[in-house]
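Inspection log for the structure reproduced underneath, given as structure tokens.
The values are calculated or read from the model by the stated rules, or taken from the named source; none is laboratory data. Values in this document were obtained by computation on a predicted structure and should not be read as measured data. When we count neighbours, we look across all protein chains shown, and the Cβ atoms used for this are built from the backbone with ideal geometry, even at glycine.
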Amino acid sequence: MKSQEALQRICQGVARFRAEVYPAQRSIFERLKHRQEPIAFFITCADSRIVPNLFTQTGPGELFAERNPGNLVPIHEPFVGGVSASVEYAMLVLKVPLVIICGHTDCGVMKALLHPETARDLPDVRQWMRHAAQARDRLLRESPPGVGEEERLRLLTQLNVLLQMENLKTHPSVASRLAAGEVEIHGWVYDIASGSGWECDPQSGEFKEVGASG
Ligand SMILES: [Zn+2]
């Protein structure tokens, strides 16, 4: 698609939103005019196939989001990056009671971690991927021999979510609110093919389906 065509499609969407969608939900947008009170901080990949409000069936104002390739949360350090600023704002200003770190199937960053040669010409991506290197190291250490490619990718995606949950806890604003029992951190994987979400059970480390009955 050419840039003009893309822009036209997006602008038409904006016009339709303003003419049809906004008036139908006017009270919600009126309420949000001067303040937000999100119910969760949702950290997920920049991948276009993940639409957090759609797949969690939440609305405007309900999810405060941080998105980046691979849904990574660098360990806290003096240099302030965008992720650190989002974390601090979510914790200390919005005081969200819940954080969900959500990986997904078919993630380009996870695939590049398994095959670093594919990111040879992407120096910035390679630098960024360092924040997930421990997950790959753990996969290489722990995965039984003979595990197929698809299964390795699935395991790495889960291990990365677990690693980012730990990284998140190194941020002082998170640590203090965790200690006070004011926030919970959950780790999910969204399955693009089936539309299902899988949540890590903190006891067993296994992932089970979100919202499954029984
Ligand atoms: Zn991704």
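Quick check on Glu5: is it assigned to a helix (DSSP H, G or I), among the acidic types (Asp, Glu), farther than 30 Å from Ala193 by Cα and out of contact with any Asp or Glu (no Cβ under 9 Å at 6 or more places or on another chain)? No; evaluated as a whole, the condition is false for this residue. Of all the residues in the range 36-82, those that are under 19 Å from Leu94 (Cα atoms), within 16 Å of the ligand (Cβ to nearest atom) and not hydroxyl-bearing (Ser, Thr, Tyr) number 7. Take the conditions at pLDDT 95 or above, farther than 19 Å from Gln36 by Cα and either of a type in the set (Ser, Thr, Tyr) or touching a helix residue (DSSP H, G or I) at 6+ places or on another chain (Cβ under 8 Å) (or both) and apply them to Val99. Does it pass? For Val99, the condition - at pLDDT 95 or above, farther than 19 Å from Gln36 by Cα and either of a type in the set (Ser, Thr, Tyr) or touching a helix residue (DSSP H, G or I) at 6+ places or on another chain (Cβ under 8 Å) (or both) - is not met.
As a summary of the residue check, Glu30 satisfies the conditions (1) part of a helix (DSSP H, G or I); (2) over 26 Å from the mean Cα position of the chain (by Cα); (3) more than 30 Å from Glu184 (Cα to Cα) except for the one numbered (3). Within the range 103-112, does at least one residue satisfy the condition of being among the charged types (D, E, K, R), assigned to a loop (DSSP other than H, G, I, E, B) and modelled with pLDDT of 95 or more? Within the range 103-112, one or more residues are among the charged types (D, E, K, R), assigned to a loop (DSSP other than H, G, I, E, B) and modelled with pLDDT of 95 or more.
The residues in the range 186-206 that are of a type in the set (Phe, Trp, Tyr) and farther than 19 Å from Pro52 by Cα can be counted, and the count is 0. Scanning the range 24-61 for residues being among the acidic types (Asp, Glu) and either buried (at least 18 other Cβ atoms within 10 Å of the Cβ) or under 16 Å from Val161 (Cβ atoms) (or both) gives a total of 1.
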